[in-house]
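Accompanying notes for the structure given below.
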Amino acid sequence: SESPYRHEALNKVDELRALTQKNITGTYIDGAKVEVGGATAMFADVREMTAADFTKVMIFVLLGIFIVLVLLLRSLVAPLYLLLTILASYAVTMGITSLVFMGIMGYEGINWAVPFFAFCVLVALGVDYNIFLMSRVREEYRPGHNTRAVALAMAETGKIITSCGIIMAGCFCAMMVSPVRSIVEVGFATVLGLLIDTFIVRTLVVPALATVLGEWNWWPQGLFKRKVP
């Protein structure tokens, strides 16, 4: 009686499978194997597989990004807090998305695909913006002048990164006019995450952390002084 793509219907697939397993000896009755199929069952399987693989995807993606950041920045400290800011931005985005669609609009939940696809998009774009900023900080950095390097990098990269963030958010806004609710939710989460990353994380949080940590940003390379022309 439910819509075939609602959470209740997807959960009903698991109930039907559990019922057949309970009431039938083994998985056969009168020589026939009993299965629950159809579009709803397919989406239920995809939801289950996505949830099971999400943790693995997060680990591999974050590990790969960490290695790239270490090689690019030649540091172990900066890549750590850059990843943490990206994860914090993603967590805040998903929290606000859940609040809007469940708390305000009254939906029973957000689509199973939203956390997965939003994570892939936001992590990819968020780390790009942080790479643009921190690579310029590293170029401007001189021992004992870390704050000056952060200020110069913000002045040189701020406009272009902010413009990129606004343009990308505008592109994903097109998804929010779709009649398909799952696409609307993915579009909303992506736009919100991009704006948070552009105007809060990259503009305020990352520069503040880079300034507070000072020379430790470039550990262990920063401990070895280099000649300044």
note = Length-normalised contact order of the chain, Cα under 8 Å, at least 6 apart, in percent, tallies to 22 percent
key: Highest-fluctuation residue, M176, M102, M154 considered, GNM on the chain with Cα pairs under 10 Å   = M102
Region 33-120: equivalent-ellipsoid semi-axes (sqrt of 5 x gyration tensor eigenvalues, Cα, Å) = 33, 20, 7
remark   = For region 1-146, the percent of accessible surface on carbon and sulfur atoms (probe 1.4 angstrom, ligands and nucleic acids excluded) is 66 percent
query = Between exposed GluC sites (Glu not before Pro) in the chain, where DSSP calls loop and at most 15 other Cβ atoms lie within 10 Å, what's the longest gap?
reply = 109-229
request  = Subtract the Cα-Cα distance of V70 and M105 from 0.36 nm times their separation in residues, and report this length gain in nm to one decimal.
outcome  = 8.4 nm
query = region 52-130: which chymotrypsin sites (Phe, Trp or Tyr not before Pro) are DSSP loop and have at most 16 other beta-carbon atoms within 10 angstrom?
reply = Y107
inquiry  = Output needed: percent of Cα pairs per 5 Å distance bin for region 132-229, bins running from 0 to the one holding the longest distance.
reply    = 2, 13, 19, 17, 12, 10, 9, 7, 5, 3, 1, 1, 0
Residue-normalised accessible area of the chain, expressed per residue, 1.4 Å probe, Å² = 56 Å²
remark   = One finds the C-alpha centres of region 103-171 and region 66-86 to be spaced, in Å, by 14 Å
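In whole percent, what relative contact order does region 51-123 give with Cα contacts below 8 Å and a gap of six or more residues?
RCO, region 51-123: 25 percent.
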query = trypsin sites (Lys or Arg not before Pro) within region 120-229: which are DSSP loop residues with at most 16 other Cβ atoms inside 10 Å?
reply = K225, R226, K227
message = Could you tell me the calculated FRET efficiency between E8 and C120, based on Cβ-Cβ distance and R0 = 25 angstrom, to the nearest 0.05?
response = 0.35
query = Based on the Cβ-Cβ distance of T211 and C171, what FRET efficiency does E = 1/(1 + (r/R0)^6) give at R0 = 45 Å, to the nearest 0.05?
reply = 0.90
Tally of Lys pairs whose C-alpha atoms are under 30 Å apart, taken over the chain, 8 or more apart or cross-chain = 4
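Calculated from DSSP H runs of 4 or more alone, at -39500 (n - 2.57) each and per residue, what is the 222 nm mean residue ellipticity of the chain, nearest 500?
Theoretical 222 nm ellipticity from helices: -23500 deg cm²/dmol.
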query = Helix by helix, which DSSP H runs in the chain go 18 Å or more along their axis at the Cα atoms and have an average Kyte-Doolittle hydropathy of 1.0 or more?
reply = 39-73, 77-98, 113-140, 146-173, 181-196
message = Relative contact order of region 97-229, please, whole-number percent, based on alpha carbon pairs below 8 angstrom and at least 6 residues apart.
response = 28 percent
key: 5 Å-binned pair-distance histogram of region 59-176 (Cα, whole percent)   = 2, 10, 16, 19, 18, 14, 9, 6, 4, 1, 0
task = Beyond 29 Å, what share of the Cα-Cα pairs of the chain is found? Please give it as a whole percent.
result = 43 percent
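The values are calculated or read from the model by the stated rules, or taken from the named source; none is laboratory data. Quick caveat, the model's predicted, so the values are computed rather than measured. Every residue, glycine as well, gets a Cβ built from its backbone with ideal geometry; the counts of neighbours run over all protein chains shown. Just the protein is used for accessible areas: all its heavy atoms, side chains included, with ligands, DNA and RNA removed. Shrake-Rupley method; radii C 1.70, N 1.55, O 1.52, S 1.80 Å.
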